[in-house]
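So the structure is just underneath, and the comments pick up after that.
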Amino acid sequence: MKKIFTTASVISLAISLTSLTAFATTLTEQLASYRTQGAGEFDGKAGKILWNTSYGKDPEGGERVCTSCHSNDPRQPGKHVKTGKPIEPMAISANSQRFTDPEKVEKWFLRNCRQVLGRECTPQEKGNVLTYLSGL
Amino acid sequence: MTESTSTTVVWDLPTRLFHWMLVIAFTVAFATGEKDTLLSVHLWSGSIVMVLLLFRLIWGFLGTRHARFADFAYSPAKVMDYLKGVIQCSPPRFVGHNPPGGWAIFILLALGVFLTFTGVAALVGEEGRGPLAGIITIGQGKDVKEIHEAIFILMVAMVGIHLAGVVVESWLHRENLLAAMFHGRKRVEDSNFVSDSVPTRPWVAALLVVCALVIPTILFLPGSKPFWAKAPGLRIPEVWKSECGECHMAFPPSLLPSRSWDYLLKNADNHFGEVLTFKNETLEALRKTFANHSAEEEWTESAHKINRSLKKDQVPLRISDTPYWFKKHAEIKPETWNNLDTAKARCEKCHSDAYEGIFDDSAITWHHSIVGK
């Protein structure tokens with residue numbers, strides 16, 4: 001009995017570690033791809049600064065800053081600044097689904113950096129932000 | 001004087017119960033057909049009529065002797081014969097239904113079947129609900145509703161003729177046909193008539209009563225979904241829900257005409273101040289969605305009303321810019337819209353069926369404080 005229990009727990013531990021590493025691999029792969037595009041070491045603190053910087057006023061009123069939709073604390077749910085629609089937390093610790101789909105990550109970086117910064121984010125900036133959000 | 005005083009059972013119990021349940025259900029449906037607030041009673045009684053008629057159609061083949069259609073399906077010649085007899089005040093006597101009576105039953109059954117089935121379609125036109133919602137359009141439902149009302153008039157006329165016939169024959173044959181429909185017995189007169197009583201069939205009678213009452217009542221229990229959202233016209237494709245539902249609720253395509261969606265997708269790089277990006281195949285999938293589900297398709301009541309409220313050249317970019325939306329929300333205090341939680345874009349806050357695009361009156365929950373003068 002004890003042997004079966006031990007074997008079962010070892011196997012389930014192995015499976016969960018594998019899926020964790022699989023998940024971690026997606027983010028690692030993404031960061032690696034940014035490195036191949038010219039980014040250097042990633043800095044979570046720089047990511048946090050970008051996240052909280054206001055890049056000017058929005059023509060319809062309000063500030064252009066990530067936190068206006070994603071809230072000051074990425075572990076909390078956010079709210080779309082114009083429509084009020086609830087947005088799931090950005091921090092991986094609060095939302096394990098974040099950054100598991102590279103296409104989705106790139107799509108939203110494209111749209112939201114254009115919206116907030118007025119231009120596309122560089123691979124360095126993207127990597128910094130992902131590092132910040134995955135480290136919370 | 002060789003008149004026999006014995007009787008024989010002519011009408012079995014299921015037939016008698018069917019008859020009187022039909023009278024009551026039809027009367028209730030009749031009485032509730034015009035009032036909006038009594039629609040659910042109308043639907044409930046109408047569906048009882050449907051179950052009863054279905055029974056009678058089956059019983060017409062499997063029932064006891066005088067319940068079977070073959071027993072009272074007479075030729076036109078026999079009908080004329082009988083009517084001539086009436087004029088001469090001595091029509092021939094039939095133990096079961098007489099010839100014109102038999103024809104009246106066939107006509108009533110046919111009218112009843114048409115009435116109930118057109119009713120199901122009319123419900124789509126009236127409320128956008130029921131088993132045919134999303135299968136026929138609101139416009140088609142409204143057209144069938146006219147037919148439903150015409151058949152109703154014919155049926156009432158036929159009921160009148162039926163009642164007249166019962167009175168005339170009762171008088172001419174000196175027998176109480178009304179009472180016969182309760183206790184099932186008619187008098188036996190000499191050897192021309194077979195004198196065996198028909199079986200009572202109590203179990204069939206019990207099954208009939210249970211089905212006729214239980215099935216409609218379950219269908220109309222509170223909480224039963226009035227829509228069958230899997231119907232093709234009502235299903236919103238996943239691609240629409242995911243692409244259009246990330247920054248606001250995925251506004252159902254049925255709420256704007258296709259020319260509006262077309263404009264919005266063509267101008268995706270300026271979507272109310274936001275820049276949207278789409279892969280080509282996503283764009284194609286979205287175009288296909290609104291080609292089949294936009295307001296002009298009129299799968300839902302709101303689609304129908306919004307579409308009809310617009311001018312031909314109007315291209316509203318917001319659902320809240322349509323005249324119908326404006327009219328329906330006119331009594332809400334304007335400051336309600338300033339709060340992000342109850343903004344115009346937050347349909348889902350008050351309309352619990354907003355995601356499916358249905359907007360049934362009964363699915364609205366609101367706080368009385370937002371309704372003002």
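The values are calculated or read from the model by the stated rules, or taken from the named source; none is laboratory data. The structure displayed is predicted, hence computed values, not measured ones. Methodologically, a virtual Cβ is constructed for each residue, glycine included, from the backbone with ideal geometry; neighbour enumeration extends over all protein chains shown. For the accessible areas, the whole protein counts, side chains as well, though only heavy atoms, and no ligand, DNA or RNA atoms are used. Shrake-Rupley method; radii C 1.70, N 1.55, O 1.52, S 1.80 Å.
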Listed by chain and number, the lysines with an alpha carbon less than 17 angstrom from that of B:LYS333, same-chain partners under 8 positions apart left out, are B:LYS344, B:LYS349, B:LYS373
Averaged per residue, the 1.4 Å probe accessible area of chain B, protein heavy atoms only, in Å², is roughly 55
Restricted to pairs 8 or more residues apart or on different chains, the lysines in chain A with C-alpha atoms under 18 Å apart form a number of pairs equal to 5
Comparing A:GLU29, A:GLU103, A:GLU88 in a Gaussian network model of chain A (Cα, 10 Å), the one with the largest mean-square fluctuation is A:GLU103
Helix A:2-36: inclination vs chain A longest Cα principal axis, degrees, rounded to 10, gives 30
If each part is reduced to its alpha-carbon centroid, the stretch B:227-304 and the stretch A:86-118 end up apart, in Å, by 23
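Could you give the size of the charge dipole of the protein assembly as shown about its Cα centre, using +1 on the Cβ of each K and R and -1 on the Cβ of each D and E, expressed in debye and rounded to the nearest 20? Intermediate results must be reported in sequence, preceding the final value.
On the way: 55 positive and 51 negative charges, 110 e Å.
The calculation lands at about 520 debye.
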So the angle from the long Cα axis of helix B:99-127 to the longest Cα principal axis of chain B, reported in degrees to the nearest 10, equals 10
Along the dipole axis of chain B (charges at Cβ: +1 for Lys and Arg, -1 for Asp and Glu; origin at the Cα centre), the most positive-end residue among B:THR217, B:THR336, B:PRO91 is B:PRO91
So, with points 7 Å from each Cα along the Cβ direction, the B:ASN270-B:VAL209 label distance in nm works out to 7.3
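Stokes-Einstein at 20 °C, 1.002 mPa s, Kirkwood radius from Cα pairs: D for chain B in µm² s⁻¹? Could you put the intermediate results ahead of the total?
Numbers: Rh = 24.8 Å.
Here the translational diffusion coefficient equals 87 µm²/s.
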Between B:ASN338 and B:LEU39, Cβ-based FRET efficiency (R0 30 Å, step 0.05) works out to 0.25
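Which value, in debye to the nearest 20, describes the size of the charge dipole of the stretch A:28-99 about its Cα centre when Lys and Arg Cβ atoms bear +1, Asp and Glu Cβ atoms bear -1, and nothing else is charged? Don't jump to the answer; show the numbers that get you there.
Working: 10 positive and 8 negative charges, 29 e Å.
Here the size comes out at about 140 debye.
When you look at the Cβ of every residue in B:241-247, what mean number of other chain Cβ atoms sits within 10 Å?
On the way: counts 0, 0, 0, 0, 1, 7, 8.
Mean partner-chain Cβ count within 10 Å for B:241-247: 2.
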Cα-based Rg and Dmax for the protein assembly as shown, in Å, come out at 35.1, 122
Computed over chain B: longest principal axis from alpha-carbon atoms vs helix B:13-31 long axis, angle to nearest 10 degrees, is 40
Taking every alpha carbon pair in the stretch A:27-83 and sorting the distances into 5 angstrom bins from 0 up to the bin holding the longest one, the percent per bin comes out as 4, 16, 18, 19, 17, 15, 9, 2
For B:ILE370 and A:THR36, extending 7 Å from Cα along the Cα-Cβ vector and measuring point to point gives, in nm, a value of 5.0
For the stretch B:133-188, listing trypsin sites (Lys or Arg not before Pro) in a DSSP loop whose Cβ sees at most 11 other Cβ atoms within 10 Å gives B:ARG174
Rounded to a whole %, the carbon-and-sulfur portion of the accessible area of the stretch B:72-125 at a 1.4 Å probe is 76
Counting only backbone N atoms under 16 Å from a point 7 Å out along Cα-to-Cβ of B:LYS84, the residues of the stretch B:97-122 in range are B:99-100
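If I take R0 = 35 Å and measure r between the Cβ atoms of B:GLU284 and A:SER93 in this structure, what FRET efficiency does the formula 1/(1 + (r/R0)^6) give, to the nearest 0.05?
On the way: r = 38 Å, r/R0 = 1.08.
With R0 = 35 Å, the Cβ-Cβ based efficiency is 0.40.
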Ranked by GNM mean-square fluctuation in chain B (Cα springs under 10 Å), the top entry among B:ALA330, B:ALA133, B:ALA231 is B:ALA330
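Averaged over its residues, how many other protein chain Cβ atoms are within 10 Å of peptide A:78-85's Cβ atoms? Before the final figure, lay out the partial values.
Working: counts 0, 2, 6, 2, 8, 9, 10, 10.
Across the residues of A:78-85, the mean count of other-chain Cβ atoms within 10 Å is 6.
Please average, across the residues of A:99-110, the number of beta carbons from any other chain that are within 10 Å of each residue's own beta carbon, and give a whole number. Numbers along the way, then the final one.
Values: counts 0, 0, 0, 0, 1, 1, 0, 1, 5, 2, 0, 2.
If you average over the peptide's residues, the count of other-chain Cβ atoms is 1.
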